[in-house]
Structure formats: structure tokens, C-alpha cells
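Have a look at the structure below, then the notes.
What follows draws every value from the coordinates through simple rules; no lab data is involved. Computed from a predicted structure; not experimentally measured. We place every Cβ from the backbone using ideal geometry, glycine too, and count neighbours over all the protein chains shown.
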Amino acid sequence: MDNRVKKAVLAKIDETISGADEISKFQERLLDVSIGSQDDFAFGIAMGRIYNSFHYQTRRILKRNATDEEFAEFLDILAKRAKYIKKALEQH
């Protein structure tokens, strides 16, 4: 993965952890349309935000879609940080 994209994704993960309160507000307002639990719903929002950042930063910086290898690297990064994201969400 290009270091500029990686940096943007890591920044979005940190932003998601520190912005767990914002995600909680989504959760409170939209939970009634969710299929899963509150924790699943909030975690889904967080994952969507981070994926969106990866996708658009790749397109903006590299002027193309991510390769399979870059996407696999993104998933590895996300998997390593997922427990911290989930923990931050559970605290709100």
C-alpha cells in the first residue's frame, strides 16, 4: 500500500477511536432501523467510515482503485486495530 494511503487510513482509525462519541450519536438515532445489536451497529459505522477513507484516499492520491494486494494490506491493518476501535465504542 502506498505510504500516503496508509497514513490516511491510520489517521482515520485514530479519528474513529477518538470520535466514538459521534458514532454513538448515530447509533442512538438510527438503532431502530438496525438489524443487529447496538455494538454491531456502532462497529459497522466505524468500519464503514474507515473503509470509505481507504477507498477515496486511494483514488485521490493514486488516481486509481486499490489493487488486491493493497486491499489485503488494508484489511490486515484494520484487523490489528479492530479490538481498539471496538473497545473505544463500548466505552460510549
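Structural remarks
- Close Lys-Lys pairs in segment 3-90, where close means Cα under 26 Å and separation is 8 or more or interchain: 20
- Fraction in percent of alpha-carbon pairs per bin - 5 Å, the chain: 2, 15, 25, 21, 16, 12, 8, 2
- Charge sum, other residues only, whose C-beta stays under 10 Å from L62's C-beta, Lys/Arg counted +1 and Asp/Glu -1: +3
- Relative contact order (%) - criterion: Cα under 8 Å, at least six apart; region: the chain: 47 percent
- A crude spin-label estimate for the pair Y84 and H55, with each label 7 Å from Cα along the Cβ direction, gives 2.4 nm.
- Stretch gain in nm, segment R4-M47, where the contour uses 0.36 nm per residue and the Cα spacing is subtracted: 13.5 nm
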